[in-house]
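This report refers to the structure that appears directly beneath it.
The values are calculated or read from the model by the stated rules, or taken from the named source; none is laboratory data. These figures come from a predicted structure and were not determined experimentally. Note that each Cβ is placed from the backbone with ideal geometry, even for glycine, and that neighbours are counted across all protein chains shown. The protein model used for the area step is the full one, side chains on, heavy atoms only, and it has no ligands, DNA or RNA in it. Shrake-Rupley method; radii C 1.70, N 1.55, O 1.52, S 1.80 Å.
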Amino acid sequence: MPWGDVEPVRRERLVCFDTETTGLAGGVGTKAFMIGWGRWQEQEFVVRIIYLTKMAGEAAMLRAFTDGLPHQPIFIGYNSRSYDAPLLKGRYRMHRQANPFDDHRHVDLLHPTRRRYRGTYENCRLQTIEHHVLGIVRDDDLPGSEAPGAWLAFLRGQSSVNLGRVIQHNRQDVLTVGRLLNHLCDARSMDN
């Protein structure tokens, strides 16, 4: 396992997650308007996505995320230690809610992916790795830079078509994190 446990970890504890946000700058003005996460429940990987339908719903969205976590979760993300988790921690703090990241382990797959594939491909962005390593090709994917605009258009009562594309993008990110975790664990067991 990439987190160094001697004993096997039950898959049901693993939470693959990703956020969609109002910008990449971080800080107080940036908020997550969508949180997607996937968990193994029995033999199935179940993805849940929650998003803000109004600006005032952030506290409820954060509570829903926390309430959907298993006992003793282990968070799995991609570039999540540098971006997603710190952003969510700040939002939890702003709403005076307990933040689930402080008390539980967190594995950022960007780092083992870079160790394994640096120099092999043009970069180690998630979509590059999913295409070259996992064979996933996204059709009609909305670029992440357009996600905030699609969400704001939805809030203003305009078309929700692009918000649907943001949901699909987030869902694919969560699925890819789960598949990449399996791939890296399989590759590591073959190396040993």
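Any chance you could run the full-extension gain for C185 through R93? It's 0.36 nm times the residue separation minus the Cα-Cα distance, nm to one decimal.
So the chain would gain 29.8 nm between C185 and R93.
Please get the size of the charge dipole for the chain, origin at its Cα centre, with Cβ charges of +1 on Lys and Arg and -1 on Asp and Glu, quoted in debye to the nearest 20.
The dipole of the chain has a size of about 480 debye.
Tell me the GluC sites (Glu not before Pro) within segment 99-192 that lie in a loop according to DSSP and have at most 14 other beta-carbon atoms within 10 Å.
Listed in order of number, the matching sites are E122.
Under the 0.36 nm per residue contour assumption, what length would be gained going from the current alpha-carbon distance of L152 and V137 to full extension?
2.7 nm
Treating only the Cβ atoms of Lys and Arg (+1) and Asp and Glu (-1) as charged, compute the dipole magnitude of segment 137-192 about its Cα centre; round to the nearest 20 debye.
200
Any idea which of G90, Q172, N79 is furthest toward the positive side of the dipole for the chain, if Lys and Arg beta-carbons carry +1 and Asp and Glu beta-carbons -1?
Sorting the options by dipole projection puts first G90.
Taking only C-alpha pairs under 8 Å that are 6+ residues apart, what is the relative contact order of segment 2-104 in percent?
Details: 129 pairs, mean separation 29.0, N = 103.
Value for segment 2-104: 28 percent.
222 nm [θ] for the chain, helices only, -39500 (n - 2.57) per DSSP H run of 4+, per residue, to 500? Working shown, then result.
Values: 6 runs with 75 residues, N = 192.
Computed mean residue ellipticity for the chain: -12500 deg cm²/dmol.
In terms of solvent-accessible area of protein heavy atoms at a 1.4 angstrom probe, what is the ranking of E42, E20, highest value first?
Values: E42 150, E20 15 Å².
Largest accessible area first, the residues go E42, E20.
Using alpha-carbon pairs under 8 Å, 6+ residues apart, how would you state the relative contact order of the chain in percent?
25
State the antiparallel share, in %, of DSSP beta bridges confined to the chain, rounding to the nearest 5.
For the chain, the DSSP antiparallel bridge percentage is about 70.
Rank C16, C185 by accessible area, highest first, at a 1.4 Å probe radius? Could the numbers behind the result be given before it?
Numbers: C16 0, C185 35 Å².
Output order, biggest surface exposure first: C185, C16.
Can you pull the one-decimal nm distance between simple spin-label points at D102 and Q72, each 7 Å off the Cα toward Cβ?
2.1
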